[in-house]
Structures are given as C-alpha cells and as structure tokens.
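Here's the structure we're looking at; comments come further down.
The values are calculated or read from the model by the stated rules, or taken from the named source; none is laboratory data. Just so we're clear, the structure is a prediction, and the values are computed from it rather than from any experiment. So basically every Cβ, Gly included, is an ideal-geometry build from the backbone, and we count neighbours across all protein chains shown.
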C-alpha cells in the first residue's frame, strides 16, 4: 500500500499530488514518497530528490510552500521566493536530518487549484480501478 492509501506503485510526484487532495502535505510525507520509490538509495540522494521534487511541484504551480503557523494551526504560505524557501527547507532537512522531530513538520505543501486539476482525475481513476 502506498502512502496515499492506494495499492500499487506511483512516482513520488503522483503520490504527493494524491496526498494533497486530502490535506496539507508535510515534508516527512514527501520524503517518504521519495524513499518508497527508490528503496536502497543513499540517504543523500533521497534528500536531494526530495528537495528537487518540492522545487518541481512549486515551480509548476501545483503546491504552495509554507507552514502551519496560522491561526488554529492553519497553513500559511511563505512569503520568501521559491529558492529562498528551498534553502530554508535544506537548512532544516539536510543539515538537521538527525532531528526528525524538527524537520518532519518544518514545512508543508498546500495543493493549488492547478494541482487539484491534475490530482483529481488521477484519484478518480484509482478509485474506479479498486472498485469491486
């Protein structure tokens, strides 16, 4: 079972898109999607792939990067540029990897309307394929 809850394998990008339909996606889930897709890869490679995936998702306008510092722990997008946001993530995630309590929840991704346009048909197909 994948982290999105559907049977079978999907690329990490698709897994994160599916997760985004449910809720904000923490850094830890993005990391896990990459690790699951490339078991046995070196940790440094998995971390770089995770950062690359976040960069791609934000660059393509599929997710906003932010955290849950809003009222009632709501998502707030970061006001920093994409490259500055990625550097912030790198500092917490790569440099502080030995402290998963810190980096796992350091940043979150919020699915945009554009991201939902890609993710919803994918989820619909997966639901139909698992119906009896």
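Where residues in the range 54-69 are outside any helix (DSSP H, G or I) and out of contact with any helix residue (DSSP H, G or I) (no Cβ under 6 Å at 6 or more places or on another chain), which of them is farthest from residue 124 (Cα to Cα)? Applying the filter and picking the extreme gives 69.
Inside the range 73-102, residues that are modelled with pLDDT of 95 or more and part of a helix (DSSP H, G or I) make up a count of 12. Evaluating residue 124 against the criteria (1) more than 14 Å from the chain's Cα centre (by Cα); (2) modelled with pLDDT of 95 or more leaves one unmet condition, (2). Within the range 31-46, the set of residues being touching a residue at least 40 places away in the same chain (Cβ under 8 Å) and buried (at least 20 other Cβ atoms within 10 Å of the Cβ) comprises 31 only.
Candidates 15, 28: the one that is touching a residue at least 60 places away in the same chain (Cβ under 8 Å), touching a helix residue (DSSP H, G or I) at 6+ places or on another chain (Cβ under 9 Å) and either assigned to a helix (DSSP H, G or I) or more than 30 Å from residue 132 (Cα to Cα) (or both) is 28.
Taken over the range 47-58, the criterion of being within 14 Å of residue 16 (Cβ to Cβ) and either in contact (Cβ under 8 Å) with a residue 12 or more places away in the chain or touching a strand residue (DSSP E or B) at 6+ places or on another chain (Cβ under 7 Å) (or both) is satisfied by 49, 50, 51, 53, 54, 55, 56, 57, 58.
Looking across 24, 105, one residue alone is surrounded by 15 or more Cβ atoms within 10 Å (Cβ to Cβ) and at negative phi. It is 24.
Residues in the range 31-53 that are touching a helix residue (DSSP H, G or I) at 6+ places or on another chain (Cβ under 7 Å) and closer than 22 Å to residue 125 by Cβ: 33, 37, 53.
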